[in-house]
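To start, the structure itself, in structure tokens.
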Amino acid sequence: MIEVTSLTKVYGTGDGAVTAVDDVSLSVPSGQVFGILGRSGAGKTTLMRCLTALERPTSGSVTIGEVNLTELSASGLRKARHRMGMIFQHFNLLGSRTAADNIAFPLEVQGVPAAERRARVAELIELVGLQGREHAFPSQLSGGQKQRVGIARALAAHPDVLFCDEATSALDPATTEQILDLLKEINRRTGVTIVLITHESEVVRRICDAAALMASGRVVEQGPLLELLADPDSRLADILLPVGDVSLDPEHTSVVLGFAHGGTTEPVISGLTRRFGLDVSILGGAVETVAGHKVGRLRVALTHPDGGYDRDAVAAYLAEHEVSVHL
Ligand SMILES: Nc1ncnc2c1ncn2[C@@H]1O[C@H](COP(=O)(O)OP(=O)(O)OP(=O)(O)O)[C@@H](O)[C@H]1O
């Protein structure tokens, strides 16, 4: 659905130039929830502004569907933007309009007839669970309800992609969960592709099918979430399921085991002891359910009373049990 190729955005010139996005390439499959995770200043907002054509990249290209945004005229861009929905951290609702009228706004701009608008708004109110609050003004709504209005407004014109800019960062943890679950439900029900940028690992863990990690303007890792989580060397997995660093392990005998296929690691660990005579100490670990799969990472120290052990045989045994490790 979205192909980003060698995208670079530089602000300013000469000594004051800042490379906010640095040679980023991304691929977002249709119908997925794709998260872009990064710390403040990593370049997420700039990347999102390039994806939504609010900013012209310095170089590189962005293709959404069949349309290369970087080749479009101003009027072409306006049309392309009608195929995108956006939701924001601070909701950006019009205070003088009711919830229903905020949701109807993009349809009014596009000249959709009043009867059709009313029918679509009623559908959207139901989709986002705002029945009974249609006539409330934003000041009379909670943060979670305001974001529901934001989501309904973004979906009004049946976009192909919904872009979410830190959509839950202004919400408390319980409301964050509700809004994330609503986004996932909308993705399932309508098939809309969702791209979200966030600095919160919980957002990625809870609803993303795939993710990219950004640092200093670059995408340092990207891929399907379950694959990344099972990769012992993944930096993104270290953020999403931290297992402690090597300082836990002054003897440097530890390795990270990653698994993402359900089941349990217990028989595997006792197997390491029984079959290979290894002593296994668990130094750190995290197990979570992600996209309905039990996934986990464990940092374990592996030692043998005689000193060494057959690393190839141990690696083969773990691979057989769908546990990833780099020995
Ligand atoms: N309009 C601009 N002019 C100059 N520099 C900018 C501009 N916008 C962003 N930057 C710089 O680009 C870099 C990336 O900023 P960006 O806002 O994209 O990061 P971010 O990951 O979204 O961070 P945050 O979550 O704090 O907004 C930062 O160094 C920032 O100072």
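Among all residues of segment 168-180, there is at least one that is at pLDDT below 95, within 25 Å of ILE2 (Cα to Cα) and surrounded by fewer than 22 Cβ atoms within 10 Å (Cβ to Cβ).
Could you list, in sequence order, the residues of segment 31-53 that are more than 6 Å from the ligand (Cβ to nearest atom), among the charged types (D, E, K, R) and buried (at least 24 other Cβ atoms within 10 Å of the Cβ)? Matches in segment 31-53: none.
Hey, any hits in segment 63-85 for a residue that's of a type in the set (Ser, Thr, Tyr), assigned to a strand (DSSP E or B) and within 16 Å of the ligand (Cβ to nearest atom)? No, that holds for no residue. Go over the candidates THR13, THR19 one by one and state the one that is modelled with pLDDT of 95 or more, within 16 Å of the ligand (Cβ to nearest atom) and surrounded by fewer than 21 Cβ atoms within 10 Å (Cβ to Cβ). From the options THR13, THR19, the qualifying one is THR19. Taken over segment 173-188, the criterion of being within 15 Å of the chain's Cα centre (by Cα) and among the hydroxyl-bearing types (Ser, Thr, Tyr) is satisfied by THR176 alone. Evaluation of PRO242 against the conditions (1) outside any helix (DSSP H, G or I); (2) at pLDDT 95 or above; (3) surrounded by fewer than 17 Cβ atoms within 10 Å (Cβ to Cβ) shows that the sole unmet condition is (2).
The values are calculated or read from the model by the stated rules, or taken from the named source; none is laboratory data. The structure presented is a predicted model; accordingly, all values stated were derived computationally and were not measured. Glycine also receives a Cβ, built like all others from the backbone with ideal geometry; neighbour counts cover every protein chain displayed.
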